[in-house]
1. Cut-off under 16 Å on the C-alpha distance; same-chain residues fewer than 8 positions from Lys108 excluded. Which aspartates and glutamates are left, in chain and number order?
2. What is the chain's relative contact order, in percent, from Cα pairs under 8 angstrom and six or more apart in sequence?
3. Which of the listed residues, Val86, Pro22, Val37, is farthest toward the dipole's positive end in the chain, when Lys, Arg count +1 and Asp, Glu count -1 at the beta-carbon?
4. Could you please rank Tyr158, Tyr175, Tyr137, placing first whichever residue has the fewest other Cβ atoms within 10 Å of its Cβ?
5. Filter the GluC sites (Glu not before Pro) in the stretch 101-202 to those in DSSP coil with at most 10 other Cβ atoms within 10 Å of their Cβ, and list the result.
6. Checking the a/c ratio against 1.5 first, then a/b against b/c, what shape does the Cα gyration tensor give for the stretch 85-196?
7. What whole number of Å gives the distance from the Cα centroid of the stretch 122-191 to the Cα centroid of the stretch 94-108?
8. Dipole size in debye (nearest 20) for the stretch 26-199 around its Cα centre, Lys and Arg Cβ +1, Asp and Glu Cβ -1?
Amino acid sequence: MQKLSAVLFAAVLLTACAAKPPVIPIDRGSVDAGSRVTRGGKTELSLLGTGVRVGDKFPSAQLVDTHLRSVDLARREGEVLLVSIVPSLDTQVCERQTHLLGEAKVGKGIRKVTISRDLPFAQQRFADLTGFGDILYLSDFQKADFGQKSGLLIDQLYLLARAMMVVDREGTIRYLQVVPELSHLPDLDKAIAEAEALAVEH
């Protein structure tokens, strides 16, 4: 009986370890920055601030890196930016989005960036745990400066909306997806393809 119990326990343990992570839907659509998104498919949430559009310059905003240094991405010209924007790295969907970004193989001249309102210490902890050291983690925790200047600050929650952005070498936004439903993933493959196309332009 003890042997049978041990076998059953081992089987359950192996099944649990082999269980696949839950499937998170990928959203192909987009809403305008500065408009509205949904949470749970029902609750509508307004996006505060001035909505950016494709063709606009990346907004000049004070972000903070994991070493507590001030960073303004609008001044970071000369490379293509693949920017992943998430509400919080401590949530399942944001974690998955950032994992996908970290696992993505991108060409030379493309800089992977993650922006959230997590504290820089939490972003550094995530980087250490995942090993995704090639991502530039930036925090908008101080005044939500980036969120307000991009139209991606969620009213009531005061977190950033889920989005993907591609910025060319001159600092112009060339691709933008604001995910309509917060619980869905963005179309990361499309954003990467846009970044790759820009990276080979001369």
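Values in this text are rule-based calculations from the coordinates and carry no lab data. Keep in mind the model is a prediction, meaning the values are calculated, not measured. With ideal geometry, Cβ positions are generated from the backbone for all residues, glycine too; neighbour counts draw on all protein chains shown.
1. Glu77, Glu79, Asp134, Asp168, Glu194, Glu196, Glu201
2. 31
3. Working it through, the farthest residue towards the positive pole turns out to be Pro22.
4. Tyr158, Tyr175, Tyr137
5. Details: sites: Glu103, Glu170, Glu181, Glu194, Glu196, Glu201; in loops: Glu170, Glu201.
Taking the stretch 101-202 and a limit of 10 other Cβ atoms within 10 Å, the loop GluC sites (Glu not before Pro) found are Glu170, Glu201.
6. Rounded is the answer for the stretch 85-196, as its axis ratio a/c remains below 1.5.
7. 12
8. Numbers: 22 positive and 24 negative charges, 27 e Å.
About 140 debye.
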